[in-house]
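Engineer: Take this structure, written in structure tokens, and hold onto it; I'll ask about it next.
The values are calculated or read from the model by the stated rules, or taken from the named source; none is laboratory data. None of the values given here were measured: they were computed from a predicted structure. Quick reminder, even Gly has a Cβ in these numbers, built from the backbone with ideal geometry, and neighbours come from all protein chains shown. Heads up: the accessible areas ignore ligands, DNA and RNA and are worked out on the full protein's heavy atoms, side chains in. Shrake-Rupley method; radii C 1.70, N 1.55, O 1.52, S 1.80 Å.
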Amino acid sequence: MIDPPVPQGVMPSHQDALDQLHRVADESGGVIQVVTEAHQPDRFGQLDVELSLDCSRVVQEAGGLRLDAREHAIVRIPAEFPFRHPRVWVLHTRFAGAPHVQWVNVRLSDDQQGNEICLYQAPSVEWSPSDGMLGLLERLLQWYKRAAVGALDAPGQPLHPPVAYPTPGAGCVVVLANAPRAGDADAPEPRRALALMRWVAPWRADVLDWLEDVAALDELWPVNEQEARALPGRLRELAGVGEGDARVFLGLAFVLPRPTVFELPNTTRDLIDALERQGLQATELLGLMATTALLNTAVPGDVGLPLYVLVGSPPRGRAGDGQRITHLNALRLHELDAEALSYLPFGGSQVPELEAIARAVAADANDWLERGGIAWAAVFDKRPELVVRRDVESPACWLRDRKVMVLGCGALGAPIAEQCVRGGVGELTLVDDGVVHPGILVRQPYLDAEVGLAKAEVLAERLRRIRPDVMITAKLADAVDTVLRDGAGVPDVDLVVDATANVTVATKLERDRWPDRRRWPPVASVAIGHKAERGVATLSLPGATGAGVDVLRRLGLTARADPGGRLADVVDDLFPQPPRTDLFHPEPGCSEPTFVGSASQVAALASQLFNGILGTLAGDEAEPTTKSMWAYVVRLSTMVAATPPLTWEDDLVMQDPTTGYEIRIAPPALATMQAECGDAARRHGLLVETGGRLFGQVDNACRVVWVSSASNPPPDSERSSQRFRLGVAGVPELLASYDAVSGGLARLVGEWHTHPGGIATESTTDHEAMTVLLTPVGPVLSQELLLILGGPPSRWAAWLDRGEPPELYVRLARRDG
């Protein structure tokens, strides 16, 4: 095969893709043909190649897309290939409106328009750089086959919701409440609704609830000035929020009865056409938008509010299911446009100035309907009906909607408090009388700008930014003087965590608890060893005999009595006798002693200890246990792992001068070759050649050939001092075995043979043999590695006797078609 000429201006990445395209086309038997190639990339660095694909044998069924005998497509190769996937365009609009076909017609040339085919829903997962153009073409052919039988959305497969590409500057909408659903799919009318929304920031608004009957606009409409002033409070009442959420306003929503197109448009005219096909007329849309905008003018604020129109459609779920959860897209109208639109209802006003403004706005609105663009906001779902928490079935699920009190906001208490908030607690109480000072920034989650401020308040404010809905109370006082003061009673929480490392607090907690232990919630304590190499946590369930002080005492007794010495390190670290006197004081003077350890050590220990506590609580709730007191020991530097560390020696690395690929030969492969060379020398003579096959992986994206292992020659191989012919007996079974054992990561990549005592280079015989080696057994390889081992007698002897590498020659040969 003669390589095609390199077009002027084509980058090496483009040329790699072109080489792969031509190689696949040559081996396809005419199924794929390269029609034309651009001579240089476009201004975005993309190179277009027109392909023709034989679809004459593709099965076509009613309901599928009509295919021509040969379908033409444009493959647009990015400059970053293969680390960015090529895109595919068809040279017509026959597929417009079908699933996985982009809405917008793109002009490909002066006289051609087309649509992009969506081959990858999730390119980061589905596109493999190592598969290159072969993978892309296989995907494209499969797309045509599925399209022809109407199976682009196959039963049981995830349905792609309508795409609306976010417009820069349009911000986002977070949907917190379950969305209305369309009625009967045969119903001609969309469902009209109102969204109760909260203004969070200039770039974000949240949907708090829905009024599923658009007639509520009439109910909300103020009949006098007093009702107008009361409207914001009425909206807050409907949304169930307090005075702190003053900017609650209205959005407009439509839930369509039937699936829309695959991709929502970016022009108003195209959107109106799509909505009118489902029974929503432009005049009604404009009127409802204007009325909603006018109601929002009653919401107080320094700046106006944008107007959001949420478009809901049913295809969200899996093909073949019944009723599906509504998918939402959000159109955002700029604040000034929304304010102007609010004048539209005054078209019949008796005030000439208002009527004139309304008439001008109506003209502008009609022009926008015909020629305007659309700003789509990004939509993030947090709907219970749709989003599954990422910590589902984890021990942290126990925290959901619980009340937790954390004593101490330091190295352990602060990360545990954050884990409580992220885990879903309903209420959190933080108790600490300390302030942020510079030394603690090494391992506690505070900022230099917060030095001198109260830890509990600073931490509470940060946690509120993670979850504004959680009730967080910060108590800036010693726990002994507040929650543990005499007469304070049983804390009204579901869990108490003592993270103070304070003996007085632990003792007071122990003392306060035992008179009424059955009414006390679970009590946990956490502590770290003097070098942060291990940590210990205790847990006392309701009714347990003792709390932290008691359980630690039991742990010390058990550890010292352990005949196997499995807890000897715990005794030395946490229960030394005599007590440790070389305490660490980070600052001169009377600073409190503490442990030595880094932020990473503290975070690891806090997480593992707290996870153990939560695991026990969740397990006891599911299946109550008779054990009421628990201790957990976590080791870092001496942790016993389930699997010992895995280690590998470095590979022998070479570079193929013809392709520039790096060849990495693993030590086990070299060991196999050395053993075979020694055995052949003993049985057949020192100068007799031998060889075998190589197994590994060729990665064209990484430009690496991994040689993981090597085989001995089959029994039908022919050896002499002049040549070596590699046999084929048993090879299919060998290939299948390697493929199965390695899970496809070690397949046939080439062959090796020797030139004992001679030059490690490719002879005429070797060159001719490569046409056979590509390859008479197993799959046909488009590339195959040739590895030759040789060297003068002294070096060859060193290889046979001591395993010192011989001279090596490598070449990655390409198949000529």
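Engineer: Suppose the filter is in contact with a Pro (Cβ under 9 Å, 6 or more places away or on another chain) and part of a strand (DSSP E or B); does Ala230 pass it? Can you show your working first?
Structural biologist: Working: in contact with a Pro (Cβ under 9 Å, 6 or more places away or on another chain): yes; part of a strand (DSSP E or B): no.
Here the answer is no, as Ala230 does not meet what is asked.
Engineer: Right, something else. Kindly indicate whether any position in region 152-169 is modelled with pLDDT under 90, open to solvent by less than 40 Å² (accessible area, probe 1.4 Å) and more than 24 Å from the chain's Cα centre (by Cα).
Structural biologist: yes
Engineer: Give the residue, chosen from Val379, Val351, Val387, Val361, that is modelled with pLDDT under 85, among the aliphatic types (A, V, I, L, M) and under 24 Å from Ala290 (Cα atoms). Step through it out loud before you land on a result.
Structural biologist: Details: Val379 fails: modelled with pLDDT under 85; Val387 fails: under 24 Å from Ala290 (Cα atoms); Val361 fails: modelled with pLDDT under 85.
One residue alone meets the criteria, Val351.
Engineer: Then there is this: I'd like the full set of residues that are assigned to a loop (DSSP other than H, G, I, E, B) and open to solvent by less than 10 Å² (accessible area, probe 1.4 Å), limited to region 411-446.
Structural biologist: Initial filter on region 411-446 (assigned to a loop (DSSP other than H, G, I, E, B)): 411-412, 424-426, 432-434, 436-437, 443-446.
Matches in region 411-446: Gly424, Val425, Val436.
Engineer: Exactly one condition in (1) aliphatic (A, V, I, L, M); (2) touching a residue at least 12 places away in the same chain (Cβ under 8 Å); (3) open to solvent by 80 Å² or more (accessible area, probe 1.4 Å); (4) part of a helix (DSSP H, G or I) is false for Ala449; which is it?
Structural biologist: In the conditions (1) aliphatic (A, V, I, L, M); (2) touching a residue at least 12 places away in the same chain (Cβ under 8 Å); (3) open to solvent by 80 Å² or more (accessible area, probe 1.4 Å); (4) part of a helix (DSSP H, G or I), Ala449 misses (2) alone.
Engineer: Is region 285-297 home to any residue that is in a loop (DSSP other than H, G, I, E, B) and either within 20 Å of Ala96 (Cα to Cα) or open to solvent by 10 Å² or more (accessible area, probe 1.4 Å) (or both)?
Structural biologist: Going residue by residue through region 285-297, those that are in a loop (DSSP other than H, G, I, E, B) are 297.
Those still in the list that are either within 20 Å of Ala96 (Cα to Cα) or open to solvent by 10 Å² or more (accessible area, probe 1.4 Å) (or both) too: 297.
Yes - at least one qualifying residue is present in region 285-297.
Engineer: Hey, among the residues in region 806-816 that are more than 21 Å from Arg747 (Cβ to Cβ) and assigned to a loop (DSSP other than H, G, I, E, B), which one's modelled with the lowest pLDDT? If you could, list the steps in order and put the result at the bottom.
Structural biologist: Within region 806-816, the subset more than 21 Å from Arg747 (Cβ to Cβ) is 806-809, 816.
Okay, now just the ones that are also assigned to a loop (DSSP other than H, G, I, E, B), so 806, 816.
Numbers: Pro806: 95, Asp816: 53.
Applying the filter and picking the extreme gives Asp816.
Engineer: If you don't mind, another one. Can Arg236 be described as out of contact with any His (no Cβ under 6 Å at 6 or more places or on another chain), open to solvent by 20 Å² or more (accessible area, probe 1.4 Å) and modelled with pLDDT of 85 or more?
Structural biologist: Values: out of contact with any His (no Cβ under 6 Å at 6 or more places or on another chain): yes; open to solvent by 20 Å² or more (accessible area, probe 1.4 Å): yes; modelled with pLDDT of 85 or more: yes.
In short, yes.
Engineer: Identify, please: which residue in region 187-215 is among the aromatic types (Phe, Trp, Tyr) and open to solvent by 40 Å² or more (accessible area, probe 1.4 Å) and is, among those, farthest from Leu252 (Cα to Cα)? I'd like the intermediate steps shown before the answer.
Structural biologist: Restricting attention to region 187-215, the residues satisfying the condition of being among the aromatic types (Phe, Trp, Tyr) are 199, 203, 210.
Next, from what is left, pick out any that are open to solvent by 40 Å² or more (accessible area, probe 1.4 Å): 199, 203.
On the way: Trp199: 15, Trp203: 18 Å.
That would be Trp203.
Engineer: Only residues that are farther than 20 Å from Glu751 by Cα and part of a strand (DSSP E or B): list them for region 782-805, please.
Structural biologist: none
Engineer: When you look at Val174, is it in a loop (DSSP other than H, G, I, E, B) and over 30 Å from Leu152 (Cβ atoms), yes or no? Don't jump to the end; show me each part of the working.
Structural biologist: Details: in a loop (DSSP other than H, G, I, E, B): no; over 30 Å from Leu152 (Cβ atoms): yes.
Against the criterion (in a loop (DSSP other than H, G, I, E, B) and over 30 Å from Leu152 (Cβ atoms)), Val174 does not qualify.
Engineer: What's the number of the only condition in (1) farther than 19 Å from Trp143 by Cβ; (2) open to solvent by less than 30 Å² (accessible area, probe 1.4 Å) that Gln46 fails to meet?
Structural biologist: Here Gln46 clears every test but (2).
Engineer: I'm told Thr690 meets every condition in (1) in contact with a Gly (Cβ under 9 Å, 6 or more places away or on another chain); (2) of a type outside the set (A, V, I, L, M); (3) surrounded by 16 or more Cβ atoms within 10 Å (Cβ to Cβ) except one. Can you identify the failing condition by its number?
Structural biologist: (1)
Engineer: Going through region 216-233 one residue at a time, which ones are touching a helix residue (DSSP H, G or I) at 6+ places or on another chain (Cβ under 8 Å) and open to solvent by 100 Å² or more (accessible area, probe 1.4 Å)? So that I can check it myself, show each step before the final result.
Structural biologist: Of all residues in region 216-233, those touching a helix residue (DSSP H, G or I) at 6+ places or on another chain (Cβ under 8 Å) come to 217, 220-222, 231.
Within region 216-233, no residue meets the criteria.
Engineer: Scan region 261-284 for residues that are open to solvent by less than 30 Å² (accessible area, probe 1.4 Å) and part of a helix (DSSP H, G or I) and report the count.
Structural biologist: Final tally of qualifying residues: 6.
Engineer: Go through region 472-492 and give me each residue that's in contact with a strand residue (DSSP E or B) (Cβ under 6 Å, 6 or more places away or on another chain), open to solvent by 40 Å² or more (accessible area, probe 1.4 Å) and outside any strand (DSSP E or B).
Structural biologist: If the condition is that a residue be in contact with a strand residue (DSSP E or B) (Cβ under 6 Å, 6 or more places away or on another chain), open to solvent by 40 Å² or more (accessible area, probe 1.4 Å) and outside any strand (DSSP E or B), then Leu476 is the only one that fits.
Engineer: Moving on to the next point. Is it the case that region 379-400 has a residue that's within 23 Å of Asp492 (Cβ to Cβ) and either part of a loop (DSSP other than H, G, I, E, B) or of a type in the set (Asp, Glu) (or both)?
Structural biologist: Restricting attention to region 379-400, the residues satisfying the condition of being within 23 Å of Asp492 (Cβ to Cβ) are 396-400.
In the following step, the residues that additionally are either part of a loop (DSSP other than H, G, I, E, B) or of a type in the set (Asp, Glu) (or both) were identified as 400.
Yes: region 379-400 contains one or more residues that are within 23 Å of Asp492 (Cβ to Cβ) and either part of a loop (DSSP other than H, G, I, E, B) or of a type in the set (Asp, Glu) (or both).
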